[in-house]
1. Working only within region A:242-272, note down all residues that are farther than 28 Å from residue B:164 by Cβ and touching a helix residue (DSSP H, G or I) at 6+ places or on another chain (Cβ under 9 Å).
2. Would you be able to tell me the number of residues in region A:263-282 that are more than 7 Å from chain B (Cβ to nearest Cβ) and either over 21 Å from the mean Cα position of the chain (by Cα) or assigned to a helix (DSSP H, G or I) (or both)?
3. Check region B:134-151 and report whether any residue there is modelled with pLDDT of 95 or more and closer than 27 Å to residue B:94 by Cα.
4. Looking at B:77, B:49, which one is within 14 Å of chain A (Cβ to nearest Cβ) and in a strand (DSSP E or B)?
5. Considering (1) at pLDDT 95 or above; (2) surrounded by 18 or more Cβ atoms within 10 Å (Cβ to Cβ); (3) within 14 Å of another protein chain (Cβ to nearest Cβ), say which one residue A:260 fails and leave the rest.
6. Within region A:137-147, count every residue that is assigned to a loop (DSSP other than H, G, I, E, B) and more than 11 Å from chain B (Cβ to nearest Cβ).
7. May I ask you to list the residues in region B:80-108 that are over 19 Å from residue B:220 (Cβ atoms) and within 14 Å of chain A (Cβ to nearest Cβ)?
8. Quickly run through region A:157-189 and pick out the residues that are within 12 Å of chain B (Cβ to nearest Cβ) and not in a loop (DSSP other than H, G, I, E, B).
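The values are calculated or read from the model by the stated rules, or taken from the named source; none is laboratory data. As the structure is a computational prediction, the values presented were derived from the model and not from experiment. Positions of Cβ are generated from backbone atoms using ideal geometry, with glycine treated the same way; all protein chains shown enter the neighbour counts.
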């Protein structure tokens, strides 16, 4: 008991990054290879996405079908809207036969069974926010949970309500969390590596950040499901059930590292990003 | 009365952008030319910043002194950290004599007299959030208010606490609002035009997004206080006291335009950005 108090006192002065660096190996969880989607741009740069099949299974089955059919090979990034989203793919071409043309609105699911842990701070959009199974999640207090539009989250482009989009076009958030999109679009995952290959692209000059001239589209060589045996790196996330994550979240809300004068005493869910890392060799 | 009810009903289906477009001329406020700071990059692109002298007067007097002394001419953008900040200037050179070397910690001020209007939604960081005199503001419920680190806000780089920075280096937020910086750094304004010339820059490869090689710094031709007579455009903001702003804020929190299935019923202060425009000719 004394030791854990001392450990807590020591942790109080660590930065969030230091807490993550000191997390025990047991707190890290492998991301399943089939849950990785790797976009290789024509210039050779890659963007790695972790899919969230527990939250949008039909949309994600569609995305797997698009990838397996090489549907996106030669497509492009067609929209870069500042402080909002980068979007890619092609909703104008016929989808492969395995794609469900009208997926259900997978905008929320029962919270039960997700392992949700509340952060405990007030939120403008939801009854509670927190994390579940490595994802940022919000809840209405009535047993429903949904993924949150934090920076780097990936969703399915769609047309006007109530269409849900097939997954032929995907977007990633590159600005302040557009939480008004929560429960209005299917979120399917997050960028785990290479976000800067999207967020630093030139902004589109057309309405909604679309590149008015298709010649400006950023060409995509291919998008494949990840397979570490095929050379894609393996990734891990810090378990959001772990004591290390709880300590990290407290530190994000109460910064005591040297730069800070005044800890906030709170944090919004998008300012408590789930730590990610390449799986150590061995 | 009937007409205003009808107008309210009609407004309920308008998008936030439509509400702003229909705002009466009387709802727009001029930004004083001396409150504009125009950064011209070596490639000719410009970034226009509105300063907030009501919130950090000593820091802003310093910034004016740096600009008037042409201190930043030939300096560079030295840091681009994804989902965080872009930083520029030069804290290594001697400041002009007119610069106060140790400004006070202008991190908050009395809320009285600012015209604060609460948004009315819960917040993880503050007792209340809202707007005052065209700025995003938070309060502790004890009479103190402070500017909020929303996307595009500009602050003063500093070293470790309790140093406050002279203003020789400034930063702009280019990611999810880093609200943990609120009341830990002096905010001095916001980017009103040209944010994409900062947010789309290549990310820095060193620690904290610093460009490890100074040769990668993005060169700044000059930074001057704005003067429309000298060719800088005049800008206006939508008065945050106006009925039009209140209607706009409600619409941001309750999206009923065609794309949306489910209005959020709330919005965080950084998702209710103050509308800005070039002052119409005439």
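1. Within region A:242-272, the first condition is being farther than 28 Å from residue B:164 by Cβ, and the residues that meet it are A:242-249, A:269.
Matches in region A:242-272: A:242, A:243, A:244, A:245, A:247, A:248, A:249.
2. To start, the set of residues in region A:263-282 that are more than 7 Å from chain B (Cβ to nearest Cβ) comprises A:263, A:265, A:269, A:272-282.
Add one more test, that the residue is either over 21 Å from the mean Cα position of the chain (by Cα) or assigned to a helix (DSSP H, G or I) (or both), and what stays is A:263, A:265, A:269, A:280-282.
Count: 6.
3. No; the residues of region B:134-151 include none that is modelled with pLDDT of 95 or more and closer than 27 Å to residue B:94 by Cα.
4. Numbers: B:49 fails: within 14 Å of chain A (Cβ to nearest Cβ).
Selected residue: B:77, the only one of B:77, B:49 that is within 14 Å of chain A (Cβ to nearest Cβ) and in a strand (DSSP E or B).
5. Answer for residue A:260: the failing condition is (1).
6. Step one: list which residues in region A:137-147 are assigned to a loop (DSSP other than H, G, I, E, B), which gives A:140-143.
Narrowing further to those that are more than 11 Å from chain B (Cβ to nearest Cβ): A:141-143.
Looking only at that region, the number is 3.
7. Filtering region B:80-108 for residues over 19 Å from residue B:220 (Cβ atoms) gives B:82-84, B:97-98, B:100-108.
If the condition is that a residue be over 19 Å from residue B:220 (Cβ atoms) and within 14 Å of chain A (Cβ to nearest Cβ), then B:82, B:83, B:84, B:104, B:105, B:106, B:107, B:108 are the ones that fit.
8. A:172, A:173, A:179, A:180, A:181
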